[in-house]
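The next block holds one structure in the form of structure tokens; read it before the comments.
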Amino acid sequence: MSEPTTDLLPLSYINQFDYCPRRFWYIYVQGQMVENVHVLRGNINHERAHTPGYETIPTGVTIHRQVHVYSYPLGINGVCDLLEEHVDGRLVPVEYKQGQQGKWNNDQAQLCAQALCLEEMTSGKDYGGKNDSDKNYPAITHGFIFYFGSRRRVEVPFTPQLRAYTRQLITAMQQALALGQLPPHTSQRQRCNGCSLIDICLPKETEVLTTRA
């Protein structure tokens, strides 16, 4: 498989942007990252969960780990934690997340972006990137997110709505970067709870100062 260009936007930041555009800006543009217990736990779980490579399990499903994916039309690239390749050609991406399933769709959008990349990469080609008329990869209908906190594997259907939403997020990220300005604080302040960047972002303090001005 050919390597993606470094000009593409890392698709993992779709998750950050959907959760909070300001958090995305701090991390991606300014390189700000504070390691709290949530971030540390997530890093440790990811290190334990996968090692690059692949294996075929008794059911005939080939498990690929740490798969690089990319889309030139969308302008994104990244890594799929785990990819199941079934004998009938079905591809099922799997993402690992610490904690439990949240209220929002940022995890689902990140996973959907992986599927969009994979569909483009495998169109008319085999998984290794070589021409193969005998293989016909179908559209990727769903994936899974494994949450370490609950030890649950949650299915994510790649509906037309989720696909459109994911594409809109990618466009919004690119527009935000082109604008070159720090996005405002999120209006959904409950998202600030547990955010590792709250002491940098200072949402409450900014609100107080703005009200007094």
More than 26 Å apart: what percent of Cα pairs in the stretch 59-213 qualify? 39
Which cross-chain or sequence-distant (5 or more) residues have an amide H under 5 Å from the amide H of residue 68, H modelled 1.01 Å from N in plane? 80
Treating the Cα atoms of the stretch 137-213 as identical point scatterers in vacuum, please give the log10 of the normalised Debye intensity I(q)/I(0) at q = 0.13, 0.19, 0.22, 0.27 Å⁻¹, two decimals. -0.72, -1.07, -1.11, -1.16
Report ³J(HN,Hα) in whole Hz for each residue of the stretch 108-122, in order, from the Karplus equation J = 6.51 cos²θ - 1.76 cosθ + 1.60 where θ = phi - 60°; Gly and Pro get x. 5, 5, 4, 5, 5, 4, 4, 5, 4, 5, 4, 5, 5, 5, 9
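Taken together, the values in this text are just the output of simple stated rules run on the coordinates, not laboratory data. No experiment lies behind these values; they were computed from the predicted model shown.
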